[in-house]
1. Given labels modelled 7 Å from the Cα in the Cβ direction, how far is it in nm from A:Thr17 to A:Glu177?
2. Nothing charged except the Cβ atoms of Lys and Arg (+1) and of Asp and Glu (-1): what's the magnitude of the dipole of the protein assembly as shown about its Cα centre? Round to the nearest 20 debye.
3. Which is farthest toward the positive dipole end of chain A among A:Val31, A:Gly242, A:Ala99, measuring Cα position about the Cα centre, with Cβ charges +1 (Lys, Arg) and -1 (Asp, Glu)?
4. Which value in deg cm²/dmol, rounded to the nearest 500, describes the helix-derived mean residue ellipticity at 222 nm for chain A, given -39,500 (n - 2.57) per DSSP H run of n ≥ 4 and division by the residue count?
5. Round to the nearest 0.05 the FRET efficiency obtained for A:Ser284 and B:Leu96 when R0 = 51 Å and r is the Cβ-Cβ distance.
6. What is the Cα centroid distance between region B:169-193 and region A:195-269, reported in whole angstrom?
7. Name the residues of region B:111-156 whose accessible area, probed at 1.4 Å, falls by at least 10 Å² once all protein chains are in place instead of their chain on its own?
8. Run the accessible area of region B:2-291 with a 1.4 Å probe and give the carbon-and-sulfur part as a rounded percent.
Amino acid sequence: MQIARALITRLITTLVTLLGAAVIVFVVIRVVPGNPIAMMLPPGATDADIDRLKALYGLDKSILEQFWIWIGNVVQGDFGMSITLRQPVYDLVIGRLPATLELSILALLIAVFLGGAAALTATLYRGTKIEGGIDVAGGVALSLPDFLWGLALILVLGVLWPLFHISGRVSPSLGFEFGSNFYLFEALARLQFNVVGDLIAHMLMPALALAIPLAAIILQLLKQSLKECMHDDYITLARTKGYSESSIILRDALPNAILPTLTLIGVQFTFLIGGTVIIERLFSYEGLGNMAIDAVINRDLPLIQGIVLVFALLFTLVNLVVDMTYAALNPRLRHA
Amino acid sequence: MSFLSIRDLNVSLANGAPLLRRVSLDVAAGEVRALVGESGAGKSMIGKAVLGILPRAAKVTGGSIQLDGEDLETLSPKARRQRIGARVALIPQDPLTALNPSRRVGPQITDRLVDILGWKRAEAEARALELLEEVHIQAPDRVMKAYPHELSGGMRQRILIASAFAAEPKLIIADEPTTALDVTVQKQILKLIREMQQRHGTALLFVTHDLGVVSKIAQSLTVLYAGKVIEETDIKAFFAGPSHAYSRALLAATPKYTDPDGSLTPVPDSVIQAVEAEIAAFDAGQMGTVRA
Ligand SMILES: Nc1ncnc2c1ncn2[C@@H]1O[C@H](COP(=O)(O)OP(=O)(O)OP(=O)(O)O)[C@@H](O)[C@H]1O
Ligand SMILES: [Mg+2]
């Protein structure tokens with residue numbers, strides 16, 4: 001009963017969020033200067049040519065009318081045609097989404113691993129130079145935004161010591177035929193480890209650039225919560241039972257300290273997905289974000305709308321997953 | 001031969017401020033020793049020093065703690081931890097915070113048996129069920145699966161008592177185990193601790209403010225003031241007439257449990273001044289021995 005109500009509330013908020021995002025982007029890209037028709041026509045086109053094209057794409061109608069037509073089609077699964085690429089928006093977006101998903105998730109995993117390990121280590125060695133060193137590293141990681149980390153990484157690991165590829169998603173010279181657009185996932189599932197290696201060599205730097213600031217945020221919050229937990233009575237009691245400090249931190253403190261960090265990771269992960277737009281551009285990574293920038297430059301209205309909708313859907317999904325994990329991990333909520 | 005033997009134990013803060021002043025204290029096997037003194041006297045510090053859970057700011061700066069004739073200082077940190085885990089247990093003051101809120105109750109009773117003493121999980125669980133029945137918990141199998149927040153304070157203290165007795169320790173340190181509970185529950189818990197202590201023959205170091213409780217549970221008593229042992233005696237002698245003026249004032253300041261509303265005489269200023277002077281003289285003497 002309660003669960004059903006929670007689900008319905010959730011569904012409604014999701015729909016409202018998506019609709020809001022759709023309205024905003026629809027209006028904004030039609031109000032800002034520049035229009036797609038001007039981009040498409042050669043210099044010297046006549047007014048008649050312009051009107052003909054406008055009518056073709058429905059741009060001669062009012063914004064409200066255009067919106068109704070678009071929403072009506074979207075509800076039926078038709079996202080329109082890209083003006084510049086002349087392909088269905090749906091196919092384009094679905095084709096690029098896996099690349100962005102793989103990059104974001106890899107970045108998230110790296111951030112959780114680095115931030116979590118740093119927080120646990122700092123807690124184990126609290127009050128020593130090791131904690132001090134970890135704090136300094138966290139401060140440095142936070143002092144630069146993701147795209148500057150991207151540039152720094154390109155400089156160090158792409159140019160000075162060219163360990164990794166600085167652009168693209170996979171080496172064409174590999175000649176590997178993918179059956180899906182989830183390259184990394186597919187290569188792992190098919191146990192093609194040389195392909196996995198090549199993919200990682202392409203994805204590692206952009207993923208690191210996205211992960212470093214998030215890792216630092218995770219480190220700071222998780223360490224704070226862990227340190228607070230370490231003063232709790234049940235921790236002291238576990239010590240008297242004979243447990244080592246490290247097993248107490250992992251078994252007793254971590255489960256009680258992790259909830260605020262989990263919520264934070266959810267919010268920050270949506271920011272991270274937003275960050276892929278610039279990072280993909282920087283590393284010429286063939287993902288949704290890179291395509292979004294081209295779409296904006298070319299004023300490809302249907303494509304921009306489609307991409308924004310997918311991003312909005314991703315954000316609400318991430319929040320849903322976070323809420324569910326939160327409920328699963330917190331016994332007090334589970335029984336409420 | 002006492003099971004716990006503390007000799008000349010000094011504990012001080014990093015800045016040198018003493019928290020315990022050459023404390024000596026024995027608890028014989030199966031004996032119940034009460035440890036009394038006003039708030040801040042250092043009663044909990046003694047328990048913490050034995051259990052190895054002193055706050056980071058406090059350090060042992062002298063003396064020894066022997067467990068069954070073995071000096072704990074000679075052990076490696078790991079060996080010491082495991083020795084304590086196997087032979088000594090703590091009944092904490094506040095049952096509401098002493099259980100891990102995100103773990104079920106059962107594993108919090110069995111964990112020491114399985115992880116530290118190497119029992120099989122099934123054996124440990126059978127033992128936990130047995131103990132929960134012993135502390136008069138109904139439907140113990142259901143309680144094992146419950147989370148702490150689902151249980152009352154009294155229930156949680158019973159669980160902590162069961163957990164303390166799980167490994168059949170030789171010594172239990174109970175640090176004001178009833179002060180966080182309702183008055184009605186306090187009596188039951190106190191009765192339960194005594195009952196369990198007698199059945200298992202465990203030595204008990206019982207920290208309390210309440211001399212009324214002491215008369216019911218303990219065979220011997222140590223009075224602490226400002227981290228220094230003021231008096232160390234058996235119960236009969238103490239209630240017949242303590243030898244130290246501070247102890248006498250403490251006893252006079254306690255309402256008789258036959259007459260709980262009887263008039264209270266707070267410890268007189270003159271007695272406080274005398275005992276403070278004693279502490280100061282002791283500190284001066286310590287300085288002398290350090291310099292010498
Ligand atoms: N973490 C700490 N850092 C510094 N000083 C402390 C710390 N914990 C306790 N103390 C000091 O140590 C002294 C002894 O404290 P302790 O907790 O042993 O007192 P107690 O006799 O148990 O008192 P109570 O009856 O209130 O529990 C007190 O003066 C207290 O201020
Ligand atoms: Mg205390």
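The values are calculated or read from the model by the stated rules, or taken from the named source; none is laboratory data. Quantities reported herein were computed from a predicted structural model and do not represent experimental measurements. Heads up, the Cβs are rebuilt from the backbone with ideal geometry, glycines too, and the neighbour counts pull from every protein chain shown. Only protein heavy atoms, including side chains, enter the accessible area calculation; ligands, DNA and RNA are left aside. Shrake-Rupley method; radii C 1.70, N 1.55, O 1.52, S 1.80 Å.
1. Taking the two extended label points, one gets 4.1 nm.
2. The dipole magnitude comes to about 780 debye.
3. With unit charges placed on the Cβ atoms, the residue in question is A:Gly242.
4. One gets -24500 deg cm²/dmol as the mean residue ellipticity at 222 nm.
5. In this case the efficiency is close to 0.30.
6. If you average the Cα positions of each part, the centres end up 37 Å apart.
7. B:Asp111, B:Arg112, B:Asp115, B:Ile116, B:Tyr147, B:His149, B:Glu150
8. Carbon and sulfur atoms account for 53 percent of the accessible area of region B:2-291.
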